[in-house]
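Below is one structure, written out as structure tokens, with a few remarks after it.
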Amino acid sequence: MSASSHGSSAEPNLTPILDMVFQLITFFMLVINFKSAAMDLSLKLPVIGSAQPVDMQGQEELLVLNIDSAGKLKVFGVDKDIERYIATEAQVSRLAARRNHANDNDESLRTIVVVRADRTTPFHLLNRVIKVCQEHGFRRFSLKAMNRKEET
Amino acid sequence: MARRRRKQTEVELNLAAMLDMAFQLLAFFILTFKPSPVEGQISLHLPPPKPVANAQAEKQAGENTADLSPVAGLDTLIISLFSTASGDVASMAVGEVNVGSQQELDRRLRTILKDPGSPFEQVIIQVDSALRYEGLMQVVDICTRQTLANGQRLSKLSFVELPHEANAKK
């Protein structure tokens, strides 16, 4: 009050801090990855030396299947019935394929099934999921793995 | 400048409100930021397992008497993986031949598939039902590193499940 009575007020210049905050926001907006929401990060993937990240550049349609050690399918953290979920996804994929490639009579679907299975999952549980996918026309698979052990 | 001084009115934006909002956005992004690990992948073409004999092949085994290769018409190589009770790899076999280690499996596959006379185009992996995914992936990794006689990478794989009890009896 006394300062204002003298006719001089101390006001901090907020412009630089606002600039900096906006730059930080821009950074976080650019690095945010909504695709990771589809991944169940609690799964421990197998470690394979030659597994390399491949950039699909958004050209391919992906169906991400998270399979835990008990063979349960999780989509966005929710347990799903394997048969019903894959049948629905196959139907969606087939409709999309008809729309985009009307002259293509190939029965197999173009969608890539991305299998993210826990490293301890027994084969018979994994094979059940793969078989269901194959029965519904999926042929292209991508098996996810880490190429080095995670530091714990 | 002169005009501004005369009027003595300055338009000042109140940046505090904008800064509050910006900080809230920043807090949101910081709290929800979770860098996902870089994952690798092995891309495969997985058709359903077919019979070993390629019935659609133009040349059937034994059709051409001048051809001394007895396996003409067969295009599938079979790898068998057997598991311990805990799910680790107990033993492996290529066809009927046992292989002791992954290095040996790699060498054997390279020898078979790179041979210019090799008829194999795809691999069927017979997997013990109890084998863990990690053990299977190590073998899949070895298979996908192989090059066929025509220069293409091996990417056609199929999986067949072997009952675990049957292996235990062996």
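In terms of the mean number of neighbouring beta-carbon atoms within 10 Å, the peptides A:126-139, A:15-28 order highest first as A:126-139, A:15-28. For the peptide A:79-90, the mean number of other protein chain Cβ atoms found within 10 angstrom of a residue's Cβ is 0.
Inter-chain Cβ neighbour count for B:26-38, averaged per residue, equals 4 (cutoff 10 Å, partner chain atoms only).
Across peptide A:14-20, the average count of Cβ atoms from other chains found within 10 Å of a residue's Cβ is 3.
Close amide-amide hydrogen proximity is noted between B:Gln126 and B:Ile79, B:Ser80, B:Leu81, B:Val160, each under 5 Å apart and 5 or more residues distant or on a separate chain (H modeled in the peptide plane; Pro and chain starts excluded). Listed values for region A:83-89 are Karplus-derived 3J(HN,Hα) couplings in whole Hz (6.51 cos²θ - 1.76 cosθ + 1.60, θ = phi - 60°), namely 4, 5, 5, 5, 4, 5, 5, and x replaces Gly and Pro.
Coordinate-derived values only; no laboratory data. Note that the structure is predicted; figures quoted are calculated from it, not measured. Don't worry about glycine lacking a Cβ; one is built from the backbone with ideal geometry, like all the others, and counts go over all protein chains shown.
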